[in-house]
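Q: The structure follows.
The values are calculated or read from the model by the stated rules, or taken from the named source; none is laboratory data. Values in this document were obtained by computation on a predicted structure and should not be read as measured data. Counting neighbours? That spans all protein chains shown, and the Cβs are built from the backbone with ideal geometry, glycine included. Accessible surface is based on the protein model in full, side chains and every heavy atom, while ligands, DNA and RNA are left aside. Shrake-Rupley method; radii C 1.70, N 1.55, O 1.52, S 1.80 Å.
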Amino acid sequence: MYRYDEFDRQFVAERVEEFRDQVARRLSGELTEDEFKPLRLMNGVYLQLHAYMLRIAIPYGTLNSRKLRRLAHIARRYDRGFGHFTTRQNLQFNWIKLEEVPEILKELAEVEMHAIQTSGNCIRNVSADHFAGAAADEIADPRVYAEILRQWSSLHPEFTFLPRKFKIAVVAAEADRAAIQVHDIGLQVKRNEAGETGFAVWVGGGLGRTPMIGRKVRDFLPEAELLSYCEAILRVYNMHGRRDNKYKARLKILVHETGVDEIARDIEAEYEDIRARGALTMPQEEIARIRAYFAPPAFAELPARSSAFEAAKADSRSFARFVERNVAPHRVPGYGIVTISLKAIGAPPGDATAEQMELIADLAERYSFDEVRVSHEQNLVLPHVRLDDIPAVHAALAEADLATPNAGLVTDIIACPGLDYCSLANARSIPVAQRIAERFADIERQKEIGELKIKISGCINACGHHHVGHIGILGVDRKGEEFYQITLGGSGDETCSIGEIVGKGFSSDEVVGAVETIVETYLRLREGPQETFLSAFRRLGEAPFREALYADA
Amino acid sequence: MALYRNGSFVADDPWRILGADEALPAEGPVALPKARFIAERDGLAGRNAPLGVVIEAGEGLDGLEDDINRLSLVVLTFPKYTDGRNYSTARILRERFGYRGELRAIGNVLRDQLRFMLRCGFDALEITHEGTIAALRDGRINLVSLHYQPASRDEAAPPTAGGHPWRRSSAGRL
Ligand code: HEM
Ligand code: SF4
């Protein structure tokens, strides 16, 4: 994990003081709410329906026990005893007092955390594969590059007043676990024929009211020029992105309206110029210096097969189920990656209590080389657990209601805060997620259905990623009543696609039944259990689903 | 209104910043809107006084490329402080074109942005916001002084720099 040195510490400390000064000016009335808004947003402070919300950066989703315990402490001391993990690997506190924010930031700074650029029209927290450093299929640790980008983008003097927010995500495997194609910049670390490291680059992806899949502008960008190229993209966007309409201000619209070929040419021209001056070309020593922070922990040499693990699977149905869904293969023999579901049936997706955070911190310290990850699917991950230890980890998780064996299943639902918290919402999201989870609570039925991602947003801003849900649910307002529009066939992985609207929306009473109808239709028409919902949808198209949903209408 | 240049407020501003149809004075330094400058470029060439140009946010530098190095003042406007386009224009002027003359920010120039502007190569700020003027006069500007990326102005590496090619410090100045 990256560790602050004196420079990083002082940087964050100065930022806390800068923000304290801004808050003081707001509280004294020197700044109006309008003047203060862009300043507070730059530091993750939103004004919501009931209170201020503070969004804390968890760079590329990597935490350790000390940080997680501090988050638990903040939840208890300044909020109502819980926090909400988001789809961009951040954490939100929903019940915060503005006057306490500087103190919270100070407490965060003590554990090398901050809220810098977690909102506002700037380069946001850089996200990465939550299995980084552990996944069997990765070719490098993407966090090295995410950290380099995080540093470069922090209080960037040129790119702090962009047309709109700007999101970057990095992966280093063919499997895309960070939804890079729906980010403003998506980066995939790869090697060329000569064995050199570099990046494939996508630009202009994004969700929101006009969802778009990113366009590839580079098949191979040399590793050393990552920052030169990103600076070029940002500069083209800063100068030419639309500022007349905030709904058309994202990079995706510029790419769409200008055409990807012309944008690519502009980026290349800017890039050539920046590269020629060389100020951002990365020296190998600097990459190596950052890489050293992400060096693999001291894994033991273990047999690939653990008899304790196998015995536990044979003994306990519930453990076997947990392993089947929530343990992924690790690159090192004898280890596994454990997903901790924050989607217990009936609980708000992504929420964790202070006690749960502390328990997970203890488990990380004891069993996972002190590492925890936040996934963009709003779960937590213990990345490096010995197979021998997984039974004990499972037992401890189960006691805290954290062992729901549903990773990737129909009840592993992403939902935005919706009308329960958010002032922009048309409809509630969390209760719909809870009701769907309750309807499908039977784990045998979930297993039968297999991999199925439901994603729910309370309005067109799409914080719940509904466009890339296999089943997407969007809250709309129909004459003052909450309605839900369903999209099918979206996907946020390497086969990225935007879901299609199936037909007219459903009332709050009808929506859970509609989801069930879709699932039953899939089960009836699939070629077998090996054909997932997404593959079946891609084969069948939406017609059979539409028929089933609207047959008696 | 006050003009803050190279680290302090200055009383004398020799420049006249003209609108689209204001008559050109016979002598003295003048700055013209970009379109007018381009239209009157040939006549201006004979003037025996420093020349400047005013570039609105979004206008960019197209069409001025060959004039930049005979300019003594470039004024870049910030109609709203959230309109960041001219930060890029400033850096392009300084870094790509090697422009060495005065680079002045006008419009919504506020205290929380001052250091970003200076780092992007502005050396003069025309400030109308009273709170910002007062804060600058009283030295009450509280901004992060350490930076993770090089920008346009010459900046020292901070004391802890060893091996960090991009770290910079603004310690000791705004
Ligand atoms: C409750 C306070 C929140 C507010 C006011 C809010 C506001 C917004 C707005 C206005 C957009 C649209 C931006 C655009 O299209 O340019 C957006 C998009 C988004 N938000 Fe939120 N949001 C909130 C909470 C969240 C949470 C809790 C998450 C994560 C779980 C989240 C993740 C996202 C994501 C991933 C997008 C889509 C980004 C894209 O278009 O590529 N937001 N949000
Ligand atoms: S999708 Fe809409 S309702 Fe949900 S959090 Fe985002 S802005 Fe709020």
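Q: Are any of the residues in region A:108-115 acidic (D, E), open to solvent by less than 20 Å² (accessible area, probe 1.4 Å) and part of a loop (DSSP other than H, G, I, E, B)?
A: Initially, region A:108-115 is screened for residues acidic (D, E), giving A:110, A:112.
If we keep only those that are open to solvent by less than 20 Å² (accessible area, probe 1.4 Å) too, we end up with none.
No, region A:108-115 has no match at all.
Q: Another question, then. Do we have A:G350 as within 16 Å of ligand 2 (Cβ to nearest atom) and assigned by TED's automatic domain parsing to the domain that holds A:S318 here?
A: Numbers: within 16 Å of ligand 2 (Cβ to nearest atom): yes; assigned by TED's automatic domain parsing to the domain that holds A:S318: yes.
It is true that A:G350 is within 16 Å of ligand 2 (Cβ to nearest atom) and assigned by TED's automatic domain parsing to the domain that holds A:S318.
Q: Anything in region A:380-396 that is out of contact with any Phe, Trp or Tyr (no Cβ under 8 Å at 6 or more places or on another chain) and either buried (at least 24 other Cβ atoms within 10 Å of the Cβ) or in contact (Cβ under 8 Å) with a residue 12 or more places away in the chain (or both)? List them, or say none. So that I can check it myself, show each step before the final result.
A: Here is the first cut: in region A:380-396, the ones out of contact with any Phe, Trp or Tyr (no Cβ under 8 Å at 6 or more places or on another chain) are A:395-396.
If the condition is that a residue be out of contact with any Phe, Trp or Tyr (no Cβ under 8 Å at 6 or more places or on another chain) and either buried (at least 24 other Cβ atoms within 10 Å of the Cβ) or in contact (Cβ under 8 Å) with a residue 12 or more places away in the chain (or both), then A:A396 is the only one that fits.
Q: Is it true that some residue in region B:32-49 is over 30 Å from A:V16 (Cβ atoms), within 14 Å of the chain's Cα centre (by Cα) and not in a loop (DSSP other than H, G, I, E, B)? Even if it seems obvious, please write down each step before you answer.
A: At the first step, the residues of region B:32-49 found to be over 30 Å from A:V16 (Cβ atoms) are B:32-49.
Checking the rest, the ones that are also within 14 Å of the chain's Cα centre (by Cα) come to none.
Checking region B:32-49: not a single residue is over 30 Å from A:V16 (Cβ atoms), within 14 Å of the chain's Cα centre (by Cα) and not in a loop (DSSP other than H, G, I, E, B).
Q: A follow-up question, please. List the residue pairs whose Cβ atoms are under 7 Å apart, where the first residue sits in region B:10-35 and is in contact (Cβ under 8 Å) with a residue 24 or more places away in the chain, the second is assigned to a loop (DSSP other than H, G, I, E, B) and among the charged types (D, E, K, R), and the two are 6 or more positions apart or on different chains.
A: B:K34/B:E59
Q: Moving on to the next point. In region B:135-143, is there at least one residue being open to solvent by less than 30 Å² (accessible area, probe 1.4 Å), within 11 Å of another protein chain (Cβ to nearest Cβ) and part of a strand (DSSP E or B)? Let's see the steps before the verdict.
A: Of region B:135-143, the ones open to solvent by less than 30 Å² (accessible area, probe 1.4 Å) are B:135-136, B:143.
Then keep just the ones that are within 11 Å of another protein chain (Cβ to nearest Cβ); that gives B:135, B:143.
Still in the running and part of a strand (DSSP E or B): none.
No: region B:135-143 contains no residue that is open to solvent by less than 30 Å² (accessible area, probe 1.4 Å), within 11 Å of another protein chain (Cβ to nearest Cβ) and part of a strand (DSSP E or B).
Q: Report the residue count in region A:194-213 for those that are under 24 Å from the mean Cα position of the chain (by Cα) and open to solvent by 10 Å² or more (accessible area, probe 1.4 Å). Walk me through it before giving the result.
A: In the first step, residues of region A:194-213 are kept if they are under 24 Å from the mean Cα position of the chain (by Cα); the result is A:198-213.
In the following step, the residues that additionally are open to solvent by 10 Å² or more (accessible area, probe 1.4 Å) were identified as A:202, A:207-213.
The qualifying residues number 8.
Q: On to the next question. With A:I213, A:I185, A:I139 as the choices, which residue is over 21 Å from A:L280 (Cα atoms), aliphatic (A, V, I, L, M) and within 16 Å of ligand 1 (Cβ to nearest atom)? Even if it seems obvious, please write down each step before you answer.
A: On the way: A:I185 fails: over 21 Å from A:L280 (Cα atoms); A:I139 fails: within 16 Å of ligand 1 (Cβ to nearest atom).
One residue alone meets the criteria, A:I213.
Q: Taking region A:438-484 as the region of interest, how many residues are open to solvent by less than 50 Å² (accessible area, probe 1.4 Å), more than 16 Å from ligand 1 (Cβ to nearest atom) and either over 15 Å from A:G408 (Cα atoms) or among the hydrophobic types (A, V, I, L, M, F, W, C) (or both)?
A: So the count comes out to 9.
Q: Let me ask you something else. If we keep just the residues of region A:461-484 that are aliphatic (A, V, I, L, M) and under 20 Å from the mean Cα position of the chain (by Cα), which is farthest from ligand 2 (Cβ to nearest atom)?
A: Taking region A:461-484 and keeping what is aliphatic (A, V, I, L, M), we get A:462, A:468, A:471, A:473-474, A:476.
Next, from what is left, pick out any that are under 20 Å from the mean Cα position of the chain (by Cα): A:462, A:468, A:471, A:473-474.
Values: A:A462: 6, A:V468: 13, A:I471: 16, A:I473: 11, A:L474: 8 Å.
Filtering first and then ranking leaves A:I471.
Q: Another one. Could you figure out which of (1) away from chain B (no Cβ under 13 Å); (2) open to solvent by 10 Å² or more (accessible area, probe 1.4 Å); (3) more than 28 Å from A:A462 (Cα to Cα) isn't true of A:R277?
A: With (1) away from chain B (no Cβ under 13 Å); (2) open to solvent by 10 Å² or more (accessible area, probe 1.4 Å); (3) more than 28 Å from A:A462 (Cα to Cα) applied to A:R277, the lone miss is (1).
Q: So which residues in region B:52-69 are closer than 27 Å to A:K165 by Cβ, open to solvent by 10 Å² or more (accessible area, probe 1.4 Å) and among the aliphatic types (A, V, I, L, M)?
A: B:A57, B:L61, listed by residue number.
Q: Within region A:413-433, how many residues are surrounded by 22 or more Cβ atoms within 10 Å (Cβ to Cβ), more than 10 Å from ligand 1 (Cβ to nearest atom) and not in a loop (DSSP other than H, G, I, E, B)?
A: Residues flagged as surrounded by 22 or more Cβ atoms within 10 Å (Cβ to Cβ), more than 10 Å from ligand 1 (Cβ to nearest atom) and not in a loop (DSSP other than H, G, I, E, B) within region A:413-433 amount to 3.
Q: Mind checking which pairs have a first residue in region A:465-482 that is within 14 Å of chain B (Cβ to nearest Cβ) and a second that is more than 13 Å from ligand 2 (Cβ to nearest atom) and open to solvent by 10 Å² or more (accessible area, probe 1.4 Å), Cβ under 8 Å, 6 or more apart or different chains?
A: none
Q: Got a number for residues in region A:1-40 being within 17 Å of A:E147 (Cβ to Cβ) and either more than 7 Å from chain B (Cβ to nearest Cβ) or open to solvent by less than 30 Å² (accessible area, probe 1.4 Å) (or both)? Break it down into steps so the answer makes sense when it comes.
A: Kept after step one, since they are within 17 Å of A:E147 (Cβ to Cβ), are these residues of region A:1-40: A:1-5, A:7-9, A:11-12.
Filter once more, so that each one left must be either more than 7 Å from chain B (Cβ to nearest Cβ) or open to solvent by less than 30 Å² (accessible area, probe 1.4 Å) (or both): A:1-4, A:7-9, A:11-12.
Here the count works out to 9.
Q: Tally up the residues in region B:70-107 that are part of a loop (DSSP other than H, G, I, E, B) and either open to solvent by 10 Å² or more (accessible area, probe 1.4 Å) or of a type in the set (D, E) (or both), please. Let's see the steps before the verdict.
A: Applying the first criterion (part of a loop (DSSP other than H, G, I, E, B)) to region B:70-107 yields B:71-72, B:79-84, B:97-101.
Imposing the further condition that a residue be either open to solvent by 10 Å² or more (accessible area, probe 1.4 Å) or of a type in the set (D, E) (or both) reduces the set to B:71-72, B:79-83, B:97-98, B:100-101.
Total satisfying the criteria: 11.
Q: State which residue is nearest to the other protein chains (Cβ to nearest Cβ) when the search covers only region B:144-174 and only residues that are of a type in the set (K, R) and in a loop (DSSP other than H, G, I, E, B).
A: The selected residue is B:R167.
Q: Looking at (1) within 16 Å of ligand 2 (Cβ to nearest atom); (2) in contact (Cβ under 8 Å) with a residue 40 or more places away in the chain, which is the one condition that is false for A:T487?
A: Unmet condition: (2).
Q: Can I ask one more? On the given criteria, is B:D13 within 14 Å of B:V75 (Cβ to Cβ) and either open to solvent by 30 Å² or more (accessible area, probe 1.4 Å) or at pLDDT 95 or above (or both)?
A: So B:D13 fits the description; yes.
Q: What pairs come up if the first residue lies in region A:85-96 and is within 14 Å of A:S375 (Cα to Cα) and more than 6 Å from ligand 1 (Cβ to nearest atom), the second is assigned to a loop (DSSP other than H, G, I, E, B) and β-branched (V, I, T), and their beta carbons are under 8 Å apart, counting only those six or more places apart or on different chains?
A: These pairs meet every condition: A:Q89/A:I58; A:N90/A:I58; A:N90/A:T118; A:L91/A:I58.
Q: Can you tell me how many residues in region A:304-336 are without any contact (Cβ under 8 Å) to a residue 40 or more places away in the chain, within 19 Å of A:L397 (Cβ to Cβ) and open to solvent by 60 Å² or more (accessible area, probe 1.4 Å)?
A: Qualifying residue count for the region: 3.
Q: Additional query: Are any residues in region A:246-267 at pLDDT 95 or above and surrounded by fewer than 15 Cβ atoms within 10 Å (Cβ to Cβ), and if so, which ones? Steps first, please.
A: Here is the first cut: in region A:246-267, the ones at pLDDT 95 or above are A:248-267.
Result: A:E257, A:G259, A:D261, A:E262, A:R265.
Q: Just one of A:E285, A:E270 is within 12 Å of chain B (Cβ to nearest Cβ), open to solvent by less than 60 Å² (accessible area, probe 1.4 Å) and closer than 27 Å to A:E147 by Cβ; which is it? I'd like the intermediate steps shown before the answer.
A: Numbers: A:E285 fails: open to solvent by less than 60 Å² (accessible area, probe 1.4 Å).
So the residue among A:E285, A:E270 that is within 12 Å of chain B (Cβ to nearest Cβ), open to solvent by less than 60 Å² (accessible area, probe 1.4 Å) and closer than 27 Å to A:E147 by Cβ is A:E270.
Q: Tell me which of these A:K252 doesn't satisfy, since it passes every other one: (1) more than 17 Å from A:G206 (Cα to Cα); (2) within 16 Å of ligand 1 (Cβ to nearest atom); (3) part of a helix (DSSP H, G or I).
A: For A:K252, the exception is condition (1).
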